[in-house]
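Worksheet: the structure to be examined is printed underneath.
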Amino acid sequence: MEVDKFVNNLGKICDEFAINIIDGTTEEVRFSENTIDLDSEWSNPSYSVFAARGRKVVETSFDSIESWEDKIIELSKMLENAPENPDFHGINPVKFDYHNIQDYRNEDLHAMAGEMIRGALDGGADRAAGLAYLHNLRNRVITPWNDQEYSESSLELVVRAFKGGNSGQEALHYGMDSMGSADPYGAGMSAARTAALTHKKASIDEGKYDVVFSPYTMGAVISYNMEFLSYYSINAGLSPFLDRSGRMVASKYVTIFDDPLDKKGAGFTPVDQEGTATSRVNLIENGILKGYLHSYSTGRQSGNKSTGNAGIMHPMPWQIHMAGGGGNQDDMIAGMKRGIFINNSWYTRFQDESNGIFSTVPRDGVFLIENGEVSGTLQGLRISDSILNILMNVKELSREEKYVKWWDEIHSSIMPYALVENVNISKGF
């Protein structure tokens with residue numbers, strides 16, 4: 001096979017390597033204006049290669065292995081010209097035999113799209129748009145010490161419902177153990193109810209407010225900021241969590257962990273990109289920072305062990321889970337004298353990575369809450385704050401948790417509703 005030839009020859013030009021191959025199919029059904037308008041399926045194998053010669057390291061990716069000889073020549077030249085990286089301390093040499101190939105799932109995406117549309121219309125929306133993805137993928141990780149394979153199937157449902165000038169959105173993910181529980185009709189209904197909640201316009205001044213974050217808003221904020229718990233960011237000095245291990249970085253209500261072995265989610269990942277077994281990794285427990293995400297290399301560099309989160313140079317989370325509490329989102333809103341509910345946000349951007357200062361744009365259901373009731377919709381707002389301030393001011397979390405994922409804004413994660421006090425709100429217009 002071409003892959004075997006590539007592997008054998010790659011071993012001749014470098015000391016260590018890690019090859020990650022993803023193959024399989026993705027099916028997409030998209031709808032807009034209450035009508036299915038796209039049905040497509042594609043299969044694009046991808047090959048990601050990390051190679052090291054001493055402390056010279058290079059990375060590249062390609063989508064075909066047919067001209068493997070040219071790839072070997074290219075990698076050899078890259079290694080010759082690469083500078084040494086003093087932060088590289090090797091790839092995990094521990095043997096870990098993992099093979100779990102399962103049958104692909106076959107889901108009726110047309111029917112699911114139709115159910116999202118029907119749910120949105122029954123919920124009071126004028127129109128709906130969205131999509132359904134079904135991923136059936138086979139993953140292979142090859143290093144000088146390991147050759148591992150596993151399959152994964154996952155489903156994503158996204159629906160936006162529109163009522164007049166308002167919108168609501170649901171964006172959910174399901175893994176191999178939860179696809180049978182997917183409720184596309186309920187997702188459409190929920191999005192529509194958000195869009196139809198009120199058409200009365202309201203306005204507020206810039207300032208600090210108590211805010212109920214939905215799982216989508218919490219998912220967007222946490223997805224972007226958990227990258228700061230990678231040891232890569234810590235070592236680069238670009239993290240608000242630098243030198244805070246063992247210290248309070250959040251309120252006592254906050255527990256966050258990476259949960260790659262939860263097969264109910266699309267982020268299921270049994271081995272990392274250098275073949276290390278993954279596991280649940282506690283990051284923040286009752287407000288206390290427990291540690292950072294590590295590969296074998298960053299673990300050796302810092303005197304720790306790999307947490308199974310390679311990216312060899314840049315460790316990463318796989319499926320972040322923020323543990324719920326004992327609250328209820330309706331009660332959170334009912335207890336507000338004057339605050340805000342934010343259903344979703346996008347365009348999260350950082351103004352100061354070292355201090356975790358960011359802004360994000362609320363959308364798809366932003367409401368002013370007065371005396372425990374929704375009094376109007378809000379537009380043109382931004383959350384302009386820091387991750388440490390958000391986490392330290394969490395005062396209540398819901399029992400309900402959602403498996404949320406949307407576009408590039410929310411990575412596969414599990415999030416509750418959160419009541420956060422003193423959130424800084426600015427205005428874009």
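The values are calculated or read from the model by the stated rules, or taken from the named source; none is laboratory data. None of these values were measured; they are calculated from a predicted model. Using ideal geometry, Cβ is built from the backbone for each residue, glycine included, and neighbour counts are taken over all protein chains shown. Keep in mind that these areas ignore ligands, DNA and RNA; they rest on the heavy atoms of the full protein, side chains included. Shrake-Rupley method; radii C 1.70, N 1.55, O 1.52, S 1.80 Å.
General observations
- Pair list, Cβ under 8 Å, 6 or more apart: the stretch 331-342 residue under 21 Å from LYS427 (Cα atoms), other residue of a type in the set (Phe, Trp, Tyr) and part of a strand (DSSP E or B): ARG338/TYR209; GLY339/TYR209; ILE340/TYR209; ILE340/PHE367; PHE341/PHE367; ILE342/PHE213
- Checklist (1) open to solvent by 10 Å² or more (accessible area, probe 1.4 Å); (2) hydrophobic (A, V, I, L, M, F, W, C); (3) touching a Ser or Thr at 6+ places or on another chain (Cβ under 8 Å); (4) not in a loop (DSSP other than H, G, I, E, B) applied to ILE284, failing item: (1)
- Across the stretch 21-65, the qualifying residues are those that are modelled with pLDDT of 95 or more, among the aliphatic types (A, V, I, L, M) and closer than 30 Å to PHE6 by Cα, and the one among them that is surrounded by the most Cβ atoms within 10 Å (Cβ to Cβ) is ALA51.
- Hits in the stretch 1-42 (condition: farther than 30 Å from LYS163 by Cα and touching a His at 6+ places or on another chain (Cβ under 9 Å)): GLY24, THR25, THR26
- Subset of the stretch 242-262 (residues that are in a loop (DSSP other than H, G, I, E, B), open to solvent by less than 50 Å² (accessible area, probe 1.4 Å) and in contact (Cβ under 8 Å) with a residue 60 or more places away in the chain): VAL249, ALA250, SER251, VAL254, THR255, ASP259, ASP262
- Checklist (1) farther than 23 Å from GLU149 by Cα; (2) surrounded by 13 or more Cβ atoms within 10 Å (Cβ to Cβ) applied to PRO83, failing item: (2)
- Spans of strands (runs of 3 or more DSSP E) in the stretch 111-227 with at least 2 residues within 25 Å of the chain's Cα centre (by Cα), farther than 21 Å from GLU400 by Cβ and in contact (Cβ under 8 Å) with a residue 12 or more places away in the chain: 127-142, 147-163
- Selection of the stretch 6-33 for residues being hydrophobic (A, V, I, L, M, F, W, C) and closer than 27 Å to ASP70 by Cβ yields PHE6, VAL7, LEU10, ILE13, CYS14, PHE17, ALA18, ILE19, ILE21, ILE22.
- The set of residues in the stretch 1-35 that are touching a Lys or Arg at 6+ places or on another chain (Cβ under 6 Å) and either without any contact (Cβ under 8 Å) to a residue 24 or more places away in the chain or part of a loop (DSSP other than H, G, I, E, B) (or both) comprises CYS14, ASP15, GLU33, ASN34.
- Those residues of the stretch 288-330 which are surrounded by 18 or more Cβ atoms within 10 Å (Cβ to Cβ), more than 19 Å from the chain's Cα centre (by Cα) and within 18 Å of ILE414 (Cα to Cα), in sequence order: GLY325, GLY327, GLN329
- Unique match (being open to solvent by 10 Å² or more (accessible area, probe 1.4 Å), out of contact with any His (no Cβ under 7 Å at 6 or more places or on another chain) and either within 22 Å of SER413 (Cβ to Cβ) or modelled with pLDDT of 95 or more (or both)) among GLU156, GLU107: GLU107
- Residue within the stretch 378-394 that is farther than 15 Å from LYS208 by Cα and assigned to a strand (DSSP E or B) present: no
- Residues (of a type in the set (Lys, Arg) and part of a strand (DSSP E or B)) located in the stretch 329-358: ARG338, ARG349
- Tally, over the stretch 359-376, of residues that are outside any loop (DSSP other than H, G, I, E, B), open to solvent by 10 Å² or more (accessible area, probe 1.4 Å) and over 18 Å from MET218 (Cα atoms): 4
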